[in-house]
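Here's the structure, in structure tokens; my notes come after.
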Amino acid sequence: MNLNPHLEFGPAVHMALVEKKPIVALETSIISQGMPYPYNHETALLLEETIRQQDCTPATIGIVEGKIKVGLSPDELNYFSTDGDVKKINNRDIPVALERGWNGATTVSGTLACARLASIEVLATGGIGGIHREFSETHDMSADLHQIANTTAITVCSGAKAILDIPKTLEMLETLGVIVGTYQNEEFPAFWSRNSGYQSPLRLDTVEEISAIFRTSRQLFSEQGFLVANPIPVEFEIPRNIIEPFIKASLAKARAQNIKGKELTPYLLNSLNELSLGQCLKSNIELIKNNANLAAQIAKKLSSI
Ligand code: PSU
Ligand code: MN
């Protein structure tokens, strides 16, 4: 057990750590900044339930009054879903949030940093942050990429959000030494769509194969990230030609209103959801659920070997 004074565990996570049972970490930025109420709250509960159904323990991670809470309580999940003042916390913000006693919803980078402190090796999310399409002007590249590279953990996602520059994001993941593979498909997925038009560096067909590669990586290197891209189930996907005009319109609106930095991702997600009449949100929920399910299978496999 980790005795780091900044960490607090929910009772189920505490038990699972003591008994060395499989655990899947979940981020909270997707709840507090990524989805509107009440869908965010329903999704938070659904993800935890999906993980429990695989005999794994969910650990939804956030910062509560200046402590890293690994395994939020039902009341805390409700609070993170409804309070508009919960801050978006990436990896660099954690010490500040703790020192100032904030409540904060962790992004993938923030959640991975906390999961590592708690010795949790598998995380499920929707889409990771990456290199934004206007990178050459803004230099906006999500902190997720560096943190994924520096954490020996498996991040299960549905690729990078299609609002990003997917080929540049893939290039950067290679530069940073991250193992990247797509589950049961050839192409790297584009979040709402199964295919991005870009080949994935690896195709991964089984949970056994994923676990074996991770184990070997862990034996060789103290820090190497592993990104497993899990395409959205076909019945919930939004074809690229349908979503792309919505993305272009949302990016244009963001530019006109000078939306930048931390606000950009939540702004674009919200705009896309409006333009697609809720279809983006529906797909988003389905793909994360699918990722939580795969992450739990991987965590189970890892704990059995
Ligand atoms: N995926 C979603 N919704 C989200 C995010 C991802 O479907 O809200 C969040 C994640 O927490 C991710 C973050 O880590 O957006 C990336 O934000 P930025 O581009 O500011 O690094
Ligand atoms: Mn950014």
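The values are calculated or read from the model by the stated rules, or taken from the named source; none is laboratory data. The structure presented is a predicted model; accordingly, all values stated were derived computationally and were not measured. Every residue, glycine as well, gets a Cβ built from its backbone with ideal geometry; the counts of neighbours run over all protein chains shown. To get the accessible areas, we keep the full protein, side chains included, count just its heavy atoms, and leave off ligands, DNA and RNA. Shrake-Rupley method; radii C 1.70, N 1.55, O 1.52, S 1.80 Å.
Being assigned to a loop (DSSP other than H, G, I, E, B) and within 12 Å of ligand 2 (Cβ to nearest atom) is the filter; apply it to region 104-132 and report the residue that is nearest to Ile31 (Cα to Cα). Full working, then the answer.
So the first thing to find is which residues in region 104-132 are assigned to a loop (DSSP other than H, G, I, E, B), and the list is 107, 118-121, 125-127, 129-130.
Still in the list and also within 12 Å of ligand 2 (Cβ to nearest atom): 107, 129-130.
Details: Thr107: 10, Gly129: 15, Gly130: 19 Å.
So the residue we want is Thr107.
Name the one entry in Ile179, Ile166, Ile247 that is within 26 Å of Lys300 (Cα to Cα) and within 21 Å of the chain's Cα centre (by Cα).
Values: Ile166 fails: within 26 Å of Lys300 (Cα to Cα); Ile247 fails: within 26 Å of Lys300 (Cα to Cα).
Going through Ile179, Ile166, Ile247 in turn, just one is within 26 Å of Lys300 (Cα to Cα) and within 21 Å of the chain's Cα centre (by Cα): Ile179.
What are the pairs, 6+ residues apart or on separate chains, where a residue within region 90-102 that is more than 13 Å from Leu112 (Cβ to Cβ) has its Cβ under 8 Å from a residue that is of a type outside the set (A, V, I, L, M) and not in a loop (DSSP other than H, G, I, E, B)?
Short answer, once both residue conditions are applied: Asp93/Lys87; Asp93/Gly104; Asp93/Gly110; Ala97/Lys87; Ala97/Gly104; Leu98/Lys67; Trp102/Lys87.
What residue, of Thr60, Thr111, is in contact with a Gly (Cβ under 7 Å, 6 or more places away or on another chain) and hydroxyl-bearing (Ser, Thr, Tyr)?
Of Thr60, Thr111, the one residue that is in contact with a Gly (Cβ under 7 Å, 6 or more places away or on another chain) and hydroxyl-bearing (Ser, Thr, Tyr) is Thr60.
Which condition number in (1) open to solvent by 20 Å² or more (accessible area, probe 1.4 Å); (2) of a type in the set (A, V, I, L, M); (3) within 14 Å of ligand 2 (Cβ to nearest atom) is the one that Val96 fails?
Among (1) open to solvent by 20 Å² or more (accessible area, probe 1.4 Å); (2) of a type in the set (A, V, I, L, M); (3) within 14 Å of ligand 2 (Cβ to nearest atom), the lone unmet condition for Val96 is (3).
Contact list please: Cβ distance under 8 Å, first residue in region 66-82 and under 22 Å from Pro38 (Cβ atoms), second residue of a type in the set (Lys, Arg) and not in a helix (DSSP H, G or I), pairs at least six apart or on different chains.
Close Cβ pairs satisfying both conditions: Glu76/Lys69.
Going by the structure shown, is Ser32 open to solvent by 10 Å² or more (accessible area, probe 1.4 Å), closer than 22 Å to Lys262 by Cα and polar (S, T, N, Q)?
On the way: open to solvent by 10 Å² or more (accessible area, probe 1.4 Å): yes; closer than 22 Å to Lys262 by Cα: yes; polar (S, T, N, Q): yes.
Taking the combined requirement at face value, the residue satisfies it.
What are the residues in region 192-207 that are touching a Lys or Arg at 6+ places or on another chain (Cβ under 6 Å) and either open to solvent by less than 10 Å² (accessible area, probe 1.4 Å) or without any contact (Cβ under 8 Å) to a residue 12 or more places away in the chain (or both), if any? Lay out the reasoning, then the answer.
From region 192-207, those touching a Lys or Arg at 6+ places or on another chain (Cβ under 6 Å) are 193, 207; that's our starting set.
Within region 192-207, just Ser193 meets the criteria.
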